[in-house]
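I have placed the structure first, in the form of structure tokens, so that the comments after it can refer back to it.
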Amino acid sequence: MPADTATSVACAVLILALAGGQAPAATLHVDPNDPAAFTTIQEAIDAAYDFDIIEVHPGVYREHIDYHGAMVTVTGIDANDPAVVESTIIDGGDTGSVVMFHNAEGSHSILRGLTIRKGQNGIQCSGAGVSPLIAKCRVVSNTSAGIVCSLASPTITETIVEDNNSVGISGSLGEIGVCRICTNGSNKNGDAGLANCGGLVLGCVISANKGDGVYDHAGTVKNCLISANLKSGFYFTVTCGCNITNCTIVGNKNGAVVFFPQKAYVSFGITNSIIVLNEGFGFYIRDPGVQRFWTLHVDWSNVWGNISGECGGNLNPTVIAIQFGPDTVRQDPLFAKRGYWDASGVWHEGEYHLKSTLGRWDPRSATWVTDPADSPCLDRGDPASAFLDEPSPNGGKINMGAYGGTAEASKSPGGASCLEYPAMDFNHDCKVDQTDLDIFVQHWLECGLDPNDACWPGGTPKPPVLPNVPL
């Protein structure tokens, strides 16, 4: 073989080898109705290589699955379609944990777009370093917990955790975001929507649980609605270091925030929150019979209309102190619609965007509407809190409540939040973001002159001709 031919062959072999090493991950299908696909999810996990995608077609899969440390994605065929998620089911037959993560699974071990039901626990995550991603799932109707964790830090996002017979989510140290955690529990202590967790809880609805809404949380709870739980909105017994910010705490049966301080509290505060219309006290201290020295700071918040009063229990200031900042509001927050308990003990959920004469987001119509009055909670949050995600005009200061600091914050009459609009701020909301990029792309290469041919006197430019480069 000539030297140049041998070199060419060697190069070709090397290129093919490199291309083979960069082949995309495989997609494995699970579908009992397709003879070419796997019939169970576990078979597909066991056959998969790391970074493979296991696509599960709608149906009821009566099995328990274990990732065994695999870095794979198990997903329904359309995680964005609630009907598809609801019809793609792993059923545990009322035994065991339906889905197991316990072999150092990380963020590349993904469960997405499936319904997990009828196990003892829906999902179990065990062990330090276990941190899978659980996204856009439904975890429902399990005989014990929905998601139970021990030392693990899963990221749980856009997931519905409902109708589980014990706690909704227990022991997680990871972030929980934009989840619905509702109607869980059996009225036992600790049977809360969320119990003994320790990460950031962001943008969640924690409602109508048969125990407490949140029990002994050791992290930040932010932009959450905590409503209509049959015990308390929050219940604390241990040193937790919890911070509650921009939450709406409303309609909880035993009050908004209850403390039974078996240990001393540290670093506990509530800011930018609306604590109103709870059936018990706004804040209640259960005296453990032993002196515990701690202070709860309530700042930049609205505390109003709680049935039993603002505070109750052991209020000896030498033992336990609740300090309300001078900025505390005590007025009707003017929600779009109040929630309420009827005479039969049935809760009718409200709608908690704040009334505004300049614009309130209406989820029913998915549009901005105006009201004849402004909520006293507009622009009444901590001046140091970030407000730039609020739509303009926003007064240059964050709103109180669950929507404060978000794109659904009610507008306020304070004018635009910047003195001069930044370059490329096409929608004049005082920031340059994805919306401005979308506007820019939509109008890319538009002329803007009348007549249009004034832009290109020689005619509209033709697409460039690419050089003919031999392969």
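What the table below lists for this structure:
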item: Residue selected from the range 386-435 under the condition more than 25 Å from the chain's Cα centre (by Cα) and among the acidic types (D, E), by the criterion modelled with the lowest pLDDT; result: E420
item: Single residue of Q331, Q323 found to be surrounded by fewer than 17 Cβ atoms within 10 Å (Cβ to Cβ) and either assigned to a loop (DSSP other than H, G, I, E, B) or among the acidic types (D, E) (or both); result: Q331
item: Any hit, the range 96-105, residues being closer than 15 Å to I181 by Cα, in contact with a Gly (Cβ under 9 Å, 6 or more places away or on another chain) and without any contact (Cβ under 8 Å) to a residue 40 or more places away in the chain; result: no
item: Lone unmet requirement of (1) outside any loop (DSSP other than H, G, I, E, B); (2) within 28 Å of S385 (Cβ to Cβ) for V161; result: (2)
item: Residue tally, condition surrounded by 14 or more Cβ atoms within 10 Å (Cβ to Cβ) and either over 24 Å from the mean Cα position of the chain (by Cα) or not assigned by TED's automatic domain parsing to the domain that holds G404 (or both), over the range 341-354; result: 1
item: Matching residues in the range 126-151 - criterion: being touching a strand residue (DSSP E or B) at 6+ places or on another chain (Cβ under 8 Å), surrounded by fewer than 24 Cβ atoms within 10 Å (Cβ to Cβ) and not charged (D, E, K, R); result: S126, G127, S131, L133, A135, V140, S141, S144, S150, L151
item: Residue count, the range 132-150 (criterion: among the polar types (S, T, N, Q) and free of Cβ contacts under 8 Å to residues at least 40 places away in the same chain); result: 3
item: Listing of strands (runs of 3 or more DSSP E) fully contained in the range 185-253 that carry 1 or more residues being more than 15 Å from the chain's Cα centre (by Cα) and in the same structural domain as G345 (by TED's automatic domain parsing); result: 225-227, 234-236, 243-245, 248-250
item: Checking G76 against (1) buried (at least 18 other Cβ atoms within 10 Å of the Cβ); (2) over 25 Å from the mean Cα position of the chain (by Cα); (3) of a type outside the set (A, V, I, L, M), the condition it does not meet; result: (2)
item: Residues that are at pLDDT 95 or above and of a type in the set (G, A, S), drawn from the range 13-43; result: A26, A36, A37
item: Lone qualifier among I181, I156 - being surrounded by 24 or more Cβ atoms within 10 Å (Cβ to Cβ), assigned to a strand (DSSP E or B), outside the structural domain of V30 (by TED's automatic domain parsing) and under 19 Å from the mean Cα position of the chain (by Cα); result: I181
item: Count - residues of the range 128-154 that are over 23 Å from G59 (Cα atoms), out of contact with any Phe, Trp or Tyr (no Cβ under 8 Å at 6 or more places or on another chain), of a type outside the set (A, V, I, L, M, F, W, C) and at pLDDT 95 or above; result: 4
item: Answer residue from the range 28-48, given it is out of contact with any Leu (no Cβ under 8 Å at 6 or more places or on another chain) and part of a strand (DSSP E or B) and is nearest to I90 (Cα to Cα) among those; result: V30
item: Hits in the range 131-151 - residues which are in a loop (DSSP other than H, G, I, E, B) and under 18 Å from the mean Cα position of the chain (by Cα); result: S131, P132, K136, C137, G146
item: Some residue of the range 210-222 being closer than 27 Å to T88 by Cβ and not acidic (D, E); result: no
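Residue by residue, here is whether (1) surrounded by 15 or more Cβ atoms within 10 Å (Cβ to Cβ); (2) touching a Leu at 6+ places or on another chain (Cβ under 8 Å); (3) part of a loop (DSSP other than H, G, I, E, B) holds:
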residue: A336; (1), (2), (3): yes, yes, no
residue: L358; (1), (2), (3): yes, no, yes
residue: W361; (1), (2), (3): yes, no, no
residue: S365; (1), (2), (3): no, no, yes
residue: L378; (1), (2), (3): yes, yes, yes
residue: S385; (1), (2), (3): yes, no, yes
residue: L388; (1), (2), (3): yes, no, yes
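The values are calculated or read from the model by the stated rules, or taken from the named source; none is laboratory data. A quick note: this is a predicted structure, and the numbers were derived from the prediction, not measured. Cβ: placed from backbone, ideal geometry, glycine included. Neighbour counts: every protein chain shown.
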